[in-house]
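Q: Here it is: the structure, laid out below.
The values are calculated or read from the model by the stated rules, or taken from the named source; none is laboratory data. All values reported here derive from a predicted model rather than from experimental measurement. Don't worry about glycine lacking a Cβ; one is built from the backbone with ideal geometry, like all the others, and counts go over all protein chains shown. Side chains are part of the model used for accessible areas, which takes the heavy atoms of the whole protein and leaves out ligands, DNA and RNA. Shrake-Rupley method; radii C 1.70, N 1.55, O 1.52, S 1.80 Å.
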Amino acid sequence: MKRQLIKHVLQRDDIGSTVEVAGWIRTRRDSKGGFSFLEMNDGSSFDGLQVIADGSLPNYQSEIQQLHIGAAASVVGELVESPGAGQRIELRATEIVVHGWADPESYPLQKKRISFERLRELAHLRPRTNTFGAVARIRNALAASTHRFFQDRDFLYLHTPIITGSDAEGAGDMFRVTTFDPASPPRTEDHQVDYSQDFFGRPTFLTVSGQLEAETYASALSNVYTFGPTFRSENSNTRRHLAEFWMIEPEMAFADNHDNADLAEEYLRYLFRGLLDDHSRDLDFFNQWVDEGLIDRLTSVADREFERITYGEAIDVLQKAETQFDFPVQWGSDLQSEHERYLTEAAFGRPVIVTDYPFDIKAFYMRRNDDHTTVAALDVLVPGVGEIIGGSQREERLEVLADSLERKGLDAADYWWYADLRRFGSVPHAGFGLGFERLVQFSTGMQNIRDVIAFPRTPHNAEF
RNA sequence: UCCGGGGUAGCUCAAUUGGCAGAGCACCGGACUGUUAAUCCGUAGGUUGUGGGUUCGAGUCCCACCCCCGGAGCCA
């Protein structure tokens, strides 16, 4: 007999059929009537299947009554209507095979609520909990929807390199990649580390962004997107930062920053509509136990247009605000977290796309506006999470790019191939980067980013 | 990295001006004729994050370090 996933069994109505399921025991409740209830979950859905284990089963006393949370078992049984409240159907077992025991004395997961902090120390077991099972399914759904969204619009999925030779991508501190023995690397005559003898014959690092590479393929295949891991070695200790995270970076040729904003908004609203339509059971759980306003917020984001303002307009709004900010609001300085939060939570109560930031506070590759002081940048701010997308139209004019590199203190020689895109068949193009974990945070209401990725990498944390 | 809070039983937390380290849950044993995150009774459970120091006596006070959480910065 072929084992069925519980998500499918729960939808069946062919009462009397024989089915086989397998999974992990969540709880056993013994009835006074000489039989037991087993709640079994295989991760295929939020809800588990209730199994009725009658006292007449041959291994009832020897095994079934020893089952506890965490044990793995498979069950063959008859699908019956459940006389109890709380479930439509249940499985009356004819055979129960225990595959793996879980000693209740030492098994760390309990039937009661366990703090997320504690579960981070149990990252190998936490997917067996309600919350982390639901996070994993939502994360998967968002990944699948992402590919569907871009594939349906003829974006080409591009794999950009994880290891990069560029130490000047300008998006943050980088992890070095080397095969050298750290205790005794080869040295040059003047005692510098001799990277010409390293694996790649030059210093290499883990990527902080696939954008520059993505631009090269957009400059040939029109619309592309990346979806891969990204690494930042900043000593960030917040609930919004990881050292290793996943980023989605679409890049469009023959597109300006308005097209960019349109794409960002359409993409996000598509994702949330999909979750609301197809993953309501998991969302209901988060709405009840994690974040009461979650479903209302996702619905409103999916249904309403985003607010779009320029940086200059944002400064005006903030300067007229009643709120007392810790940091002063003035044109030319970057928006602080408290400012972003005010805009998206208090002022507008929905996602806000802020565009056209001052040149001086943004990256070299962003396209200079005609006012010569701002660039065609774009940040998408969402309530609770803050910046979820950052992007821009790219500078496609060679002379302006060269000027920007110089003004940012960067060496144009390091960007020779990037500049070549502007020498040969240059086109207006634009794109953005979306932090996938921040998207999962927003979609689940989970407060800490370490709880929306399977094995979080943060300073002092790489146990698993 | 900076600021603030914290680390006590397997888990979540108490412990008064420094004075015999407790409770709930989980587990185990028993009770209860279908239960559904905490039904009742009972047993057991500890080098109070680590290392020093003050004191007759330290979970509590002092010093150093480690780790966790929240906020800030960096950003996605």
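Q: At a 1.4 Å probe radius, carbon and sulfur cover how many percent of the accessible area of the stretch A:6-100?
A: Carbon with sulfur: 47 percent of the solvent-accessible area.
Q: If you count, for each residue, the other Cβ atoms within 10 Å and average over each peptide, how do A:82-91, A:202-211, A:118-127 line up from highest to lowest? It would help to have the intermediate numbers written out before the result.
A: Values: A:82-91: 13.0, A:202-211: 20.9, A:118-127: 16.0.
Per-residue Cβ counts within 10 Å, averaged per peptide and sorted highest first, yield A:202-211, A:118-127, A:82-91.
Q: For residue A:330, project a label point 7 Å along Cα to C-beta. Then give me every residue of the stretch A:358-381 with its amide nitrogen under 18 Å of that point.
A: Within reach of a label on residue A:330, which here means backbone N under 18 Å from a point 7 Å along Cα→Cβ, the stretch A:358-381 contributes A:358-362.
Q: So what's the net charge close to residue A:79: Lys and Arg +1, Asp and Glu -1, counting the other residues with Cβ under 12 Å from its Cβ?
A: Taking every Cβ under 12 Å from that of residue A:79, the sum is -3.
Q: Principal axis extents for chain A, Cα atoms only, whole Å, descending order, please.
A: Principal axes ranked by extent give 84, 60, 45 Å for the Cα atoms.
Q: Now for a different question. I'd like the distance between the alpha-carbon centres of the stretch A:69-92 and the stretch A:173-212, rounded to an integer number of Å.
A: 57
Q: If packing is taken as the average number of other Cβ atoms within 10 Å across a peptide's residues, how do A:154-160, A:373-379 rank, most packed first?
A: Descending packing order for the listed peptides: A:373-379, A:154-160.
Q: If you don't mind, another one. Ratio to report: Rg/Rh of the stretch A:414-458, with Cα atoms as the point set and Rh obtained by the Kirkwood method; give two decimals.
A: Using only Cα positions, Rg/Rh for the stretch A:414-458 is 1.31.
Q: Let me ask something additional. May I ask you to derive the FRET efficiency for residue A:319 and residue A:397 from their Cβ-Cβ distance with R0 = 51 Å, giving the value to the nearest 0.05?
A: After rounding, the FRET efficiency stands at 0.95.
Q: Oh, and also: Would you mind getting me the FRET efficiency between residue A:305 and residue A:361? Use the beta-carbon distance for r and R0 = 41 Å, nearest 0.05.
A: Computed FRET efficiency for residue A:305 and residue A:361: 0.90.
Q: Here's something else I'd like to know. What trypsin sites (Lys or Arg not before Pro) in the stretch A:269-348 are in a loop by DSSP, with at most 10 other Cβ atoms within 10 Å of the Cβ?
A: Of the trypsin sites (Lys or Arg not before Pro), the ones in loops of the stretch A:269-348 whose Cβ has at most 10 other Cβ atoms within 10 Å are A:320.
Q: Report Rg (one decimal) and Dmax (nearest whole number) for the stretch A:118-238, counting Cα atoms only, units Å.
A: 19.6, 59
Q: What ranking of A:259, A:42 comes out by heavy-atom accessible area, probe 1.4 Å, highest first?
A: A:259, A:42
Q: Arranged from highest to lowest average of other beta-carbon atoms within 10 Å per residue, in what order do the peptides A:385-393, A:412-420 appear?
A: A:385-393, A:412-420
Q: How much length is gained if the chain between residue A:17 and residue A:175 is pulled fully straight, taking 0.36 nm per residue apart and subtracting their Cα-Cα distance, in nm to one decimal?
A: My answer for the length gained is 51.2 nm.
Q: Kindly list the residues of the stretch A:123-152 that lie in the label zone of residue A:29, defined by a backbone N under 20 Å from the point 7 Å along the Cα-to-C-beta vector.
A: The answer is A:129-131, whose backbone nitrogens lie closer than 20 Å to the label point.
Q: Given the stretch A:236-370, report the % of alpha carbon pairs whose separation exceeds 22 Å.
A: 54
Q: On to the next question. Is there a quick way to get the dipole size of the stretch A:6-100? I mean about its Cα centre, with the Cβ of Lys and Arg at +1 and of Asp and Glu at -1; what is the value in debye to the nearest 20?
A: On the way: 8 positive and 13 negative charges, 55 e Å.
The dipole magnitude comes to about 260 debye.
Q: Determine the dipole magnitude for chain A: charges of +1 sit on the beta-carbon of Lys and Arg, -1 on that of Asp and Glu, nothing else is charged, the reference point is the Cα centre, and the result goes in debye to the nearest 20. Could the numbers behind the result be given before it?
A: On the way: 48 positive and 73 negative charges, 335 e Å.
Its charge dipole is roughly 1620 debye.
Q: Okay, next question. Distance in nm between label sites at residue A:125 and residue A:462, each 7 Å beyond Cα in the beta-carbon direction?
A: Those two pseudo-labels are separated by 2.6 nm.
Q: Once label points are set 7 Å from the Cα along Cα→Cβ at both residue A:221 and residue A:97, what is their separation, rounded to one decimal in nm?
A: Once both label points are built, they end up 4.5 nm from each other.
Q: For the stretch A:6-100, what is the largest minus smallest coordinate of the Cα atoms on each principal axis, given in angstrom and ordered from greatest to least?
A: Largest first, the stretch A:6-100 extends 32, 26, 22 Å along its Cα principal axes.
Q: Please report the net charge: other residues with Cβ closer than 12 Å to the Cβ of residue A:437, K and R +1, D and E -1.
A: Local net charge: +4.
Q: Same structure, new question: Which Cα, out of A:134, A:156, A:6, lies furthest along the positive dipole direction of the stretch A:1-156 (beta carbon charges, K/R +1, D/E -1)?
A: With unit charges placed on the Cβ atoms, the residue in question is A:156.
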